[in-house]
Amino acid sequence: VGGRTPSEDLIPEVDVFDFASNEWLTPGNLTDGTSDNAAFSDADHVYVVGGWTGEYTALKDVWRIASTSVDALDMEKVAPLQEARGDIKAVANSQGLAFVAGGFTNLNCRPL
């Protein structure tokens, strides 16, 4: 999800691995491209959090993508992070909680 090309352009495509067909598919693009974001999942959704814009501004955005189909992306923005972060890590547990840690803000790349 996301990333940059060698020329620093954002990569908007979302690639999905289909275990049943053993192949990678690209059902769509993130509405707003990002790089250096994090992702976690629950049973029905993948969440993409934070990252950097094309101008290296840290993001608060959180996208929820339905993970039930490889034919098209069904995504929406949900509650934003409390602080904009790029270069972050995220994980979810079985109790329905997600944790986001580390990263940097766009204020002189201040670590969090």
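For this structure, a couple of remarks:
- Once backbone amide H atoms are built at 1.01 Å from N, GLY28 has VAL14 as its partners under 5 Å, excluding neighbours fewer than 5 places away on the same chain.
- The chain: proportion of alpha-carbon pairs further apart than 15 angstrom, %: 64 percent
- Using a probe radius of 1.4 angstrom, the carbon and sulfur fraction of the accessible surface of the chain is 52%.
- Segment 1-90 - accessible surface per residue (Å², probe 1.4 Å): 57 Å²
- Rounded accessible area of THR26 (nearest 10 Å², 1.4 Å probe): 80 Å²
- Paramagnetic reach from ALA43 in segment 79-98 [backbone N under 19 Å; point 7 Å along Cα→Cβ]: 92-98
- Among the GluC sites (Glu not before Pro) in segment 35-112, those placed in a DSSP loop whose Cβ has at most 16 other Cβ atoms within 10 Å are GLU55, GLU83.
- Comparing SER69, SER35, SER21 in a Gaussian network model of the chain where C-alpha atoms under 10 Å apart are linked, the largest mean-square fluctuation is found at SER21.
- Using C-alpha pairs under 8 Å with a sequence gap of at least 6, the mean separation divided by the residue count of the chain gives a relative contact order of 20 percent.
The values are calculated or read from the model by the stated rules, or taken from the named source; none is laboratory data. Please read these numbers as outputs of a predicted model, since none were measured by experiment. Glycine also receives a Cβ, built like all others from the backbone with ideal geometry; neighbour counts cover every protein chain displayed. For the accessible areas, the whole protein counts, side chains as well, though only heavy atoms, and no ligand, DNA or RNA atoms are used. Shrake-Rupley method; radii C 1.70, N 1.55, O 1.52, S 1.80 Å.
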